Amino acid sequence: MDLQDRRGLERDVYQPAEDSALLAETASERLDDDALVLEVGTGSGYVASRIAEETGARVIASDLNPRAVRQARGEGVETVRADLVEPFAAESFDAVAFNPPYLPTDPDNEWDDWMERALSGGEDGRAVIDPFLATVGRVLAPDGVVYLLVSSLTGVDDVVERAGEEGFSAVAVADESFPFETLTVLELLR
């Protein structure tokens with residue numbers, strides 16, 4: 001089953017799409033086989049599964065949505081319910097991958113359900129990205145790396161600037177253009 005066929009199968013858990021595939025492929029190409037990786041906001045577990053399968057790395061996934069945790073575990077992904085990186089020990093991961101909710105959303109048009117939380121990045125698209133950038137450094141090993149998927153709809157330059165404020169250098173390591181947006185994977189290093 002390809003990504004297009006997976007859409008619409010589940011209404012409470014984010015299913016893999018083009019953004020998931022780009023993040024999974026990019027992280028898999030760049031990670032070491034012996035890495036300990038955290039995938040934040042795993043949704044279906046697709047990205048975590050691909051990274052584990054393609055690299056041999058140990059991948060732990062997290063999601064705030066209990067239905068996502070259940071689905072990812074059902075796919076064989078070691079998953080915990082967590083808000084971003086909250087429960088994880090300091091300096092414990094070699095890499096963190098995150099495909100955050102990034103669609104700018106008018107607050108008057110939000111539905112307050114699990115799918116909305118998986119998609120909506122607030123008014124500027126960065127309502128989840130900014131807190132992630134403020135906290136992810138705590139769980140990274142000293143030589144750790146972050147792979148963050150960002151949409152042109154959220155302002156890639158604004159995300160790079162925010163990452164810099166949190167002590168990260170950011171470089172675009174992959175991108176893919178679509179009629180309505182360009183998706184970019186940023187590699188963040190300290």
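The values are calculated or read from the model by the stated rules, or taken from the named source; none is laboratory data. Predicted, not measured: the structure shown is a model, and the values here were computed from it. Reconstructed Cβ throughout: ideal geometry from the backbone, glycine too, with neighbour counts over all protein chains shown. These area figures cover heavy atoms from the full protein model, side chains too; ligands, DNA and RNA do not enter into them. Shrake-Rupley method; radii C 1.70, N 1.55, O 1.52, S 1.80 Å.
Observations, loosely collected:
- Within the range 138-150, tally of residues that are open to solvent by 10 Å² or more (accessible area, probe 1.4 Å) and either in a helix (DSSP H, G or I) or without any contact (Cβ under 8 Å) to a residue 24 or more places away in the chain (or both): 1
- Residues of the range 151-181 satisfying the condition of being open to solvent by less than 60 Å² (accessible area, probe 1.4 Å), at pLDDT 95 or above and part of a strand (DSSP E or B): 170, 173, 174
- Residue tally, condition of a type outside the set (Phe, Trp, Tyr), open to solvent by less than 20 Å² (accessible area, probe 1.4 Å), closer than 13 Å to residue 159 by Cβ and at pLDDT 95 or above, over the range 86-137: 2
- Among residues of the range 30-41 being open to solvent by less than 10 Å² (accessible area, probe 1.4 Å) and under 10 Å from the mean Cα position of the chain (by Cα), the one that is nearest to residue 85 (Cα to Cα) is 40.
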